[in-house]
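*Asks:* This is the structure I want to talk about, given as C-alpha cells.
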Amino acid sequence: MRPLAGAPVPKRQKCDHWTPCPSNTYAYRLLSGGGRSKYAKICFEDNLLMGEQLGNVARGINIAIVNYVTGNVTATRCFDMYEGDNSGPMTKFIQSAAPKSLLFMVTYDDGSTRLNNDAKNAIEALGSKEIRNMKFRSSWVFIAAKGLELPSEIQREKINHSDAKNNRYSGWPAEIQIEGCIPKERS
C-alpha cells in the first residue's frame, strides 16, 4: 500500500495569521510576555516592531507607535513599571503620538506597580477599559488609535491576571494575544 500524500504546507501569512488579511488592511499581532522567559512581541504588517530577537522589549509596558496613513513605525519604547519613575515619561511618549497614529501596548513581567494615575488616565483616554484592573504581573495587550476611530468589531484589549493556582508559570500569567486586520485609510 502506498502512503497517502500529505496536505500541502499552508502558506505563511503576515504576522503568522492563519488566514490572510484583505489587501486593503494592515495585519497585526500583539503578544504579551508569559512566565519568566517568554518576552512580549509586537508584529505589524509582518515586521517585528518589538521583540526579544530585536532586543527592544523589557519588563513593564512596551509601546510601538505606527503612522496609520503610511504604515511605518514612528517609535518604540519600553517603560519599566517595577523600578524607577517611568509613568511620566510613558505618559509624554503616548501624548507625543501624532494624530492618525496606531498605538500597540504589551506587558512583560510587571506593568502595574509604579503605574500612576496620570499614565492610567492617558491610556484610558485612548479607550482602555482594563488599565485600572491591572495587577502585579498581569498580562495585558491593548490597541489604540489617536485621531481616528477603529472599527468596533476589532478586539482592542485583553488581560490575564497572575494566579498561582491557575497559571502554568507558577505565579506568572500565561501570555495572551490579540491579532487581526485593521482597515487602511481610504484614499
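*Asks:* Which residues' amide hydrogens lie under 5 Å from the amide hydrogen of Met50, considering only partners 5 or more residues apart or on another chain, with H built in the peptide plane?
*Replies:* Ile42
*Asks:* For the chain, can you list the cysteines whose C-beta has no other cysteine C-beta under 4.7 Å from it?
*Replies:* Cys78
*Asks:* How do Ser96, Ser139 stack up against each other in accessible area, from largest to smallest, with a 1.4 angstrom probe? All intermediate terms of the calculation are to be shown ahead of the outcome.
*Replies:* Working: Ser96 80, Ser139 5 Å².
If we order Ser96, Ser139 from most to least accessible, we get Ser96, Ser139.
*Asks:* Which value at 222 nm does the chain reach when only helices count, each DSSP H run of 4 or more adding -39,500 (n - 2.57), with the total divided by all residues and rounded to the nearest 500 deg cm²/dmol? Don't jump to the answer; show the numbers that get you there.
*Replies:* On the way: 2 runs with 18 residues, N = 187.
Rounded to the nearest 500, it is -2500 deg cm²/dmol.
*Asks:* Also: Taking the structure as given and computing mean projected area of the Cα convex hull in nm², which label from (1) 10.0; (2) 15.9; (3) 13.6 fits?
*Replies:* (3)
*Asks:* How far apart, in nanometres, would the label points at Asn121 and Ser37 be if each is projected 7 angstrom from Cα along the Cα-to-Cβ direction?
*Replies:* Computed distance between label sites Asn121 and Ser37 equals 4.3 nm.
*Asks:* How large, in percent, is the carbon and sulfur part of the accessible surface of the range 25-183 at a probe radius of 1.4 Å? Mind showing how you got there, number by number?
*Replies:* Working: 3210 of 7220 Å².
Here carbon and sulfur together make up 44 percent of the probe-accessible area.
*Asks:* If the cut-off is 24 Å between C-alpha atoms, which lysines fall inside it for Lys41, apart from same-chain ones fewer than 8 positions away?
*Replies:* Cross-link targets: Lys11, Lys14, Lys92, Lys100, Lys120, Lys129, Lys135, Lys146, Lys158, Lys184.
*Asks:* Return the FRET efficiency for the residue pair Lys135, Gln53: r is the Cβ-Cβ distance, R0 is 25 Å, and the value is rounded to the nearest 0.05. Walk me through the intermediate numbers first.
*Replies:* Working: r = 29 Å, r/R0 = 1.15.
It comes out at approximately 0.30.
*Asks:* Report the extension gain between Lys11 and Gln177 in nm, rounded to one decimal, defined as 0.36 nm multiplied by the number of residues separating them, less their alpha carbon distance.
*Replies:* On the way: separation 166, 0.36 × 166 = 59.76 nm, distance 2.14 nm.
Net length gain for the segment: 57.6 nm.
*Asks:* Right, something else. I'd like the distance separating the alpha-carbon centroids of the range 12-29 and the range 57-127, in whole Å.
*Replies:* 24 Å
*Asks:* For the chain, what is the accessible area per residue in Å², given a 1.4 Å probe and the full set of protein chains? Could the numbers behind the result be given before it?
*Replies:* Details: 10310 Å² over 187 residues.
With the other protein chains kept in place, the chain gives 55 Å² per residue.
The values are calculated or read from the model by the stated rules, or taken from the named source; none is laboratory data. Just so it is clear, the structure is predicted and the values come from calculations on it, not from any experiment. With ideal geometry, Cβ positions are generated from the backbone for all residues, glycine too; neighbour counts draw on all protein chains shown. Please note that ligands, DNA and RNA were not included when accessible areas were found on the heavy atoms of the full protein model with its side chains. Shrake-Rupley method; radii C 1.70, N 1.55, O 1.52, S 1.80 Å.
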